[in-house]
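*Asks:* Below is a structure I'd like to ask you about.
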């Protein structure tokens, strides 16, 4: 049974926290934001300040439906290419649409590394809410019959104690009212634990042999969920494996997406 406190009492507690309790704790136990390293103020969430959370860069249209990368403002979304970039036109991906929520920049990288390397799954819960809200608002799961997380390497899952993509996918499945199939797609135990520092072509070749499907995906329309896309090789390899197993359609969503840099490579995690 929940107790409904009078609004006056709630306001008094909030003022006391802001003016007395928090300043006292800040002096006794000073803490910095794990992103910007500035002292945390009274308004913070899970160890990051409000400014850093607000500093996440949303990926806004026009965006290539094939690879999920932003396109120039002059892109013709209604033309024969349907807004897809030249790379996706010349070499169509195995996915039937890819979309990410935020750019994988300094702030997003700090948050995701804190969650994964710092073993902070509660941060992934917050990112899962964001990804689920974006998936719902953009109708990315329309027509899909199942949510499938992109699996981590078994040894990485064992070491961390959780699978990042599975946590995100759980929130997406709940928001979309779709079943979550966490064991349909698996990563082979003998596959490399990480290929993120390899070149794009090498990563794609390796990823094609990394995944296998357990069970049947015949005729299914699937929504793949991942935490971050760098070159997109992992999602491409997973989509290829699912379609070889009979999947009719495979779309993909990710919380963050690496944007191209002048060197052609972005940060990795």
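*Asks:* Search the range 198-243 for residues being touching a strand residue (DSSP E or B) at 6+ places or on another chain (Cβ under 8 Å) and assigned to a loop (DSSP other than H, G, I, E, B), and hand back the single one that is modelled with the highest pLDDT.
*Replies:* 220
*Asks:* So is residue 123 part of a loop (DSSP other than H, G, I, E, B) and modelled with pLDDT of 95 or more or not?
*Replies:* no
*Asks:* Condition test on residue 71, is it surrounded by fewer than 20 Cβ atoms within 10 Å (Cβ to Cβ) and touching a residue at least 24 places away in the same chain (Cβ under 8 Å)?
*Replies:* So residue 71 fails the test.
*Asks:* With a cut-off of at least 1 residues that are over 21 Å from residue 229 (Cβ atoms) and outside the structural domain of residue 223 (by TED's automatic domain parsing), name the helices (runs of 4 or more DSSP H) lying wholly within the range 31-117.
*Replies:* Details: elements: 50-54, 86-90, 106-116.
Per the criteria, 50-54.
*Asks:* May I pose another question? In the range 126-151, which residues are in contact (Cβ under 8 Å) with a residue 60 or more places away in the chain, over 15 Å from the mean Cα position of the chain (by Cα) and outside any loop (DSSP other than H, G, I, E, B)?
*Replies:* Listed by number, the list holds a single entry, 146.
The values are calculated or read from the model by the stated rules, or taken from the named source; none is laboratory data. This structure is a prediction, so every number in the text was calculated from the model and none was measured. As a convention, Cβ positions derive from the backbone with ideal geometry for all residues, glycine included, and neighbour counts pool all protein chains shown.
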